[in-house]
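Let me begin by presenting the structure, written as structure tokens, before commenting on it.
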Amino acid sequence: MNKEIEMSDYDIEAVMGKLLITGVIISGAMILSGGIYYLIQYGFSIPHFKTFRGEPSNLRSVSKIITGVIHLDSLSIIQLGLLLLIATPIARVIFAVIGFFMEKDFLYVLISLIVLGIIAYSIFSVATG
């Protein structure tokens, strides 16, 4: 009994829509909760605008961000929410590749893989440069 899973265009679009909505809601809730927690922690401190302080080193890698979230660091929670927000459309493109492959629409598989390659190149060239 070899059953193939068949999905229509409508099914794929519905799943992609749910994926995007879910990703945006989860990342937005994480950013909002991290922002509220940040205001609770540092809301009454006086900012020093005469000196520029860049992004802390603990927010520059995914492993350090996750470690900060485990330790309930508010900036790490916000940063993880932003990473999830960036990952949402990337997950959509990956799902598009899978969906088009299941439909045997290889032209769109190729186009989606090119888009995924451009996104990957953009992310990794900035990260290493």
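Only the coordinates and a few stated rules stand behind these numbers; no lab work does. In this text, all values refer to a predicted model and were calculated from it rather than measured experimentally. Ideal geometry is used to build each Cβ from the backbone, glycine not excepted, and the neighbour counts take in all protein chains shown.
Over the chain, DSSP H runs of length four or greater, each weighted -39,500 (n - 2.57), average out per residue to a 222 nm ellipticity of -26000 deg cm²/dmol.
Of the DSSP H helices in the chain, those with a Cα length along their own long axis of 30 Å or more and a mean Kyte-Doolittle hydropathy reaching -0.5 comprise 9-42, 74-102, 106-128. Relative to its residue count, region 9-128 spans a Cα convex hull of 126 Å³ per residue. Springs join every pair of Cα atoms under 10 Å in this Gaussian network model of the chain, and among Ile65, Ile94, Ile118 the largest mean-square fluctuation is at Ile118.
For the chain, modelled as a GNM whose springs connect Cα atoms under 10 angstrom apart, the maximal fluctuation among Phe100, Phe52, Phe44 occurs at Phe52.
When each of Arg92, Arg53 is scored by the number of other beta-carbon atoms lying within 10 Å, the sequence from fewest to most is Arg53, Arg92.
Working from Cα pairs under 8 Å separated by at least six residues, relative contact order for the chain is 32 percent.
Given a 10 angstrom Cα cut-off, can you work out which residue in Lys18, Lys104, Lys50 is the most mobile in a GNM of the chain? In the Gaussian network model the winner is Lys50.
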